[in-house]
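Enquirer: This structure is in structure tokens; I'll ask about it shortly.
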Amino acid sequence: MRSVVLQMGVTLDGFVHGTAGYEDWGLPPEDDELVAWKVASLRQAGTHIMGRRTYEAMASVWPRSTGLYADVMNEIPKVVFSRTLSAADWPESRVVTGIDLAADIQRLKEEPNGTGIVLAHGGATFVDSLIGAGLIDEYRLVIHPVVIGQGTSLFRALAAPLRLDVIDSRTFAGGTVVTVLRPLEATR
């Protein structure tokens, strides 16, 4: 069975975006090693899952783009969770309602021809639903060396503490730290 992996950028103080949304955090361009890590992580995905708003933002850019990220993003099959979107025009995309999110995620994990991980990138509302329902098998947090003080917390949907095992951690030039964690079974 495939794992559901959340890969998301966060600030040092745990926010996925500020009060005004996804504003510029004043970070320098990503170094080549971090880009290579992110692309390698994307290439592990057999399915990319996201909410409607993230889908609409990505679908407005990636299909007409080229380069490392665009090439991978355009190849990965995508599943959009939306109760309002009836069709997805970005190639390799399909829409599910997510009315029974846990059952829909379980079906994706068990797809007979499913290969690679089920990778979630966002957005914040969709990720809240996944975290709140205990559906994330692994967290890949790209922690940026910036503090913004307020915004949307990555773990705001938790009703109780979630214990995590650190599987890997790596620091890149510029101070970005990627930490891979898995929930302890007793806290899921």
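Enquirer: Please report the antiparallel percentage of DSSP beta bridges with both residues in the chain, rounded to the nearest 5.
Expert: Antiparallel bridges make up about 40 percent of those DSSP assigns within the chain.
Enquirer: Shape of segment 54-122 from its Cα gyration tensor (a ≥ b ≥ c, root eigenvalues): rounded if a/c is under 1.5, otherwise prolate when a/b > b/c, or oblate?
Expert: oblate
Enquirer: May I ask for the distance between the Cα centers of segment 125-175 and segment 105-120, given as a whole number of Å?
Expert: Each part's Cα centre sits 21 Å from the other's.
Enquirer: Right, another one. Based on the alpha-carbon gyration tensor of the chain, what equivalent-ellipsoid semi-axes (square roots of 5 times the eigenvalues) come out, in whole Å, largest first?
Expert: After diagonalising the Cα gyration tensor, the semi-axes are 24, 21, 17 Å.
Enquirer: May I pose another question? Loop only by DSSP, 16 or fewer other Cβ within 10 Å of the Cβ. Give me the trypsin sites (Lys or Arg not before Pro) in segment 67-123 that pass, ordered by residue number.
Expert: 83
Enquirer: Quick check: pseudo-label points 7 Å beyond the Cα along Cα→Cβ at residue 32 and residue 61, how many nm apart are they?
Expert: Roughly 2.3 nm, to one decimal.
Enquirer: While we're on this one: In the chain, once you exclude exposed GluC sites (Glu not before Pro) (DSSP loop, at most 15 other Cβ within 10 angstrom), what's the longest stretch remaining?
Expert: Here the longest run is 93-188.
Enquirer: Continuing with the same structure: Taking only protein heavy atoms into account and a 1.4 Å probe, give the accessible area per residue of segment 1-75 in Å².
Expert: 51 Å²
Enquirer: So how much slack lies between residue 115 and residue 20, counting 0.36 nm per residue of separation and subtracting their Cα-Cα distance, in nm?
Expert: So the extension gain works out to 30.5 nm.
Enquirer: While we're on this one: In nanometres, what is the gap between the two model label sites at residue 185 and residue 171, each 7 Å from Cα along Cα-to-Cβ?
Expert: Computed distance between label sites residue 185 and residue 171 equals 3.4 nm.
Enquirer: Give the ranking of 65, 86 by solvent-accessible surface, highest area first, calculated with a 1.4 Å probe.
Expert: So, going from the largest accessible area down, we get 86, 65.
Enquirer: Sticking with this structure for a sec: Considering only protein heavy atoms and a probe of 1.4 Å, how much of the accessible area of the chain is carbon and sulfur, as a whole percent?
Expert: Solvent-exposed carbon and sulfur of the chain make up 53 percent of the total.
Enquirer: Remind me, relative contact order of the chain in percent, using alpha carbon pairs under 8 angstrom and six or more residues apart?
Expert: 34 percent
Enquirer: Per-residue ellipticity at 222 nm for the chain, helices alone: DSSP H runs ≥ 4 residues times -39500 (n - 2.57), over residue total, nearest 500 deg cm²/dmol?
Expert: Per the formula, -7000 deg cm²/dmol.
Enquirer: Sorted by accessible area (1.4 Å probe), largest first, how do 131, 99, 143 line up?
Expert: Output order, biggest surface exposure first: 99, 143, 131.
Enquirer: Let me ask something else about it. Dipole size in debye (nearest 20) for segment 40-144 around its Cα centre, Lys and Arg Cβ +1, Asp and Glu Cβ -1?
Expert: 180 debye
The values are calculated or read from the model by the stated rules, or taken from the named source; none is laboratory data. The structure displayed is predicted, hence computed values, not measured ones. No Cβ is skipped: glycine too gets one built from the backbone with ideal geometry, and neighbour counts run over all protein chains shown. To get the accessible areas, we keep the full protein, side chains included, count just its heavy atoms, and leave off ligands, DNA and RNA. Shrake-Rupley method; radii C 1.70, N 1.55, O 1.52, S 1.80 Å.
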